[in-house]
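S.K.: This is the structure, below, for whatever I ask next.
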Amino acid sequence: MNKFKKVALAGILATASTSAYAETELNVVAPWSNLNAYGKIEAPFWTEELPAQTGGALTAKLSNYSELGLGGAELLRLASMGVFDVAHVVVGYSVSDDPVIEGIELAGVIQDLDTLRKAVDAYEPTMTEALATKHNLVYLGMYPNPAQVMYCSEPVNGIDDFAGKKIRFYGSSMNDFIAAAGGTGVNVPLAEVVPSLQRGVVDCAFTGTLTGYSFKFPEVTSDLYGLRLGWGLTFIAANKSAFDGLSAEDQQALRTSVKELEGKLWDLVAVDDAAGIACNTGNGECPYGEPASMSYVPVSEEDDSRRRALLEEEILKNWAARCGADCVTNWNETVGALTGLTASK
């Protein structure tokens, strides 16, 4: 074999070798770094498990809201623009961009995890279509965080005690619920809630049962009211241009791996929702540190009836006006059918 053929063969082999071990690094953003799900599930998945599962074909450059100084509301737009290849987007922070997406996280609608899982499954086609047609995104999965409950710096016994209080919220329907119950919603970024409570900017704040513990809410609050205004639902989506740039094999590998991630996060929240209450109150075992001693106020039957009345008389009507007739019909056939609620203008 002459030297020219040897050089040509070497080039072909080098190209084949590079192709066989081609690696795609995905630019991925996940939520706040001090949430339990990030350290326990999300970070290990993207940095270790995904590369292992795909034989190194897919790797991730992982960042999070905390290190990037993001509040959460920007994520849907940033992912749509292609700033990130894959993003974890908290639904409640993205609703100003799309009331269809808001439909899966309407404040106060779902009070238990079993119903929530059924609702997410039923609404998946709606999410898939909305993200593809309006936001240039490919839906990969969705998972909850621990239930969004109310931390207060003064005694609270039920919905009646919303009246006259300044209450931290996120998302349009959560603000609607607070207003319907007589309170005043104040939109405060999660990282700023503790100083806002200290300064009296807010009297109470909604966030997750374990999130509040992780962000040290018990140091500035005394009462925890168990009404669940949301679940911090978070969807995982890929920018369509980035996804289309993957091979069919890598696309399927990403979908399959993220579905496994989704399952782990659902399993975790089933534990962490109850653990958050135990950690905040000292009633039960706290697996994440020294428990606080907040007073826990469960939801009475009277308050649950009032919750449903406020939803049907005000909150769902306000959302329906934002979403439109086709959107409302679809919601009534999916989430509404599961919860026994009906949205109408």
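The values are calculated or read from the model by the stated rules, or taken from the named source; none is laboratory data. Everything quoted here is computed from the prediction, not taken from an experiment. Because the Cβ atoms are built from the backbone with ideal geometry, glycine has one as well, and the counts that use them run over all protein chains shown.
S.K.: Can you say whether R322 is in a helix (DSSP H, G or I) and modelled with pLDDT under 95, as far as the supplied structure shows? Working first, answer last.
M.R.: Details: in a helix (DSSP H, G or I): yes; modelled with pLDDT under 95: yes.
So R322 passes the test.
S.K.: Do you know which residues across the range 69-112 are buried (at least 23 other Cβ atoms within 10 Å of the Cβ), more than 29 Å from N332 (Cβ to Cβ) and β-branched (V, I, T)?
M.R.: V86 - this is the single residue of the range 69-112 that is buried (at least 23 other Cβ atoms within 10 Å of the Cβ), more than 29 Å from N332 (Cβ to Cβ) and β-branched (V, I, T).
S.K.: Still on this structure, please answer the following. F243 versus (1) touching a strand residue (DSSP E or B) at 6+ places or on another chain (Cβ under 7 Å); (2) more than 26 Å from V95 (Cα to Cα): which is the lone unmet condition?
M.R.: (2)
S.K.: Another question about this same structure. Which residue out of E48, E67 is acidic (D, E) and farther than 19 Å from L261 by Cα?
M.R.: On the way: E48 fails: farther than 19 Å from L261 by Cα.
Only one candidate qualifies: E67.
S.K.: Right, next: Tell me which of these K216 doesn't satisfy, since it passes every other one: (1) among the charged types (D, E, K, R); (2) on the phi < 0 side of the Ramachandran plot; (3) modelled with pLDDT of 95 or more.
M.R.: (2)
S.K.: Something else about it: In the range 164-180, which residues are buried (at least 23 other Cβ atoms within 10 Å of the Cβ) and within 16 Å of V202 (Cα to Cα)? Give the steps one after another, and end with the answer.
M.R.: Initially, the range 164-180 is screened for residues buried (at least 23 other Cβ atoms within 10 Å of the Cβ), giving 167-171, 173-174, 176-178.
Once the filter is applied, which keeps residues that are buried (at least 23 other Cβ atoms within 10 Å of the Cβ) and within 16 Å of V202 (Cα to Cα), the range 164-180 yields I167, R168, F169, Y170, M174, I178.
S.K.: Taking the stated definitions as given, is E314 touching an Asp or Glu at 6+ places or on another chain (Cβ under 7 Å), over 18 Å from K216 (Cα atoms) and assigned by TED's automatic domain parsing to the domain that holds F215?
M.R.: Considered against the rule, which asks whether it is touching an Asp or Glu at 6+ places or on another chain (Cβ under 7 Å), over 18 Å from K216 (Cα atoms) and assigned by TED's automatic domain parsing to the domain that holds F215, E314 comes out as yes.
S.K.: Among (1) outside any helix (DSSP H, G or I); (2) under 25 Å from G340 (Cβ atoms), there is one condition Y296 misses while meeting the rest; what is its number?
M.R.: Going through the list (1) outside any helix (DSSP H, G or I); (2) under 25 Å from G340 (Cβ atoms), Y296 breaks only (2).
S.K.: Identify all residues within the range 34-48 that are loosely packed, with under 15 Cβ neighbours inside 10 Å and either of a type in the set (G, A, S) or part of a strand (DSSP E or B) (or both); write none if there are none.
M.R.: Result: G39, single match.
S.K.: Name the residue, out of E301, E333, that is under 25 Å from the mean Cα position of the chain (by Cα), at pLDDT 95 or above and among the charged types (D, E, K, R).
M.R.: Working: E301 fails: under 25 Å from the mean Cα position of the chain (by Cα).
Every option except E333 fails the conditions.
S.K.: Within the range 82-100, how many residues turn out to be part of a helix (DSSP H, G or I), without any contact (Cβ under 8 Å) to a residue 40 or more places away in the chain and not small (G, A, S)? Don't jump to the end; show me each part of the working.
M.R.: Restricting attention to the range 82-100, the residues satisfying the condition of being part of a helix (DSSP H, G or I) are 91-97, 99-100.
With the extra rule that they be without any contact (Cβ under 8 Å) to a residue 40 or more places away in the chain, the set shrinks to 94, 97.
With the extra rule that they be not small (G, A, S), the set shrinks to 97.
The number of residues fulfilling the criteria is 1.
S.K.: State which residue pairs qualify: first residue touching a residue at least 40 places away in the same chain (Cβ under 8 Å) and inside the range 48-71, second residue in a helix (DSSP H, G or I) and of a type in the set (S, T, N, Q) in any location, beta carbons under 9 Å apart, and separation of 6 or more residues or different chains.
M.R.: E49/S257; L50/S257; Q53/T256; Q53/S257; T54/S257; L58/S257
S.K.: Please state which one of I104, I178 is assigned by TED's automatic domain parsing to the domain that holds P218, modelled with pLDDT of 95 or more and part of a helix (DSSP H, G or I). Quick ask: steps written out before the conclusion?
M.R.: Values: I104 fails: assigned by TED's automatic domain parsing to the domain that holds P218.
Criteria check complete, one pass: I178.
S.K.: Having 2 or more residues that are outside the structural domain of V91 (by TED's automatic domain parsing) and surrounded by fewer than 19 Cβ atoms within 10 Å (Cβ to Cβ) is the bar; report the helices (runs of 4 or more DSSP H) wholly within the range 183-259 that clear it.
M.R.: Numbers: elements: 193-199, 209-214, 240-244.
Passing ranges, in order: 193-199.
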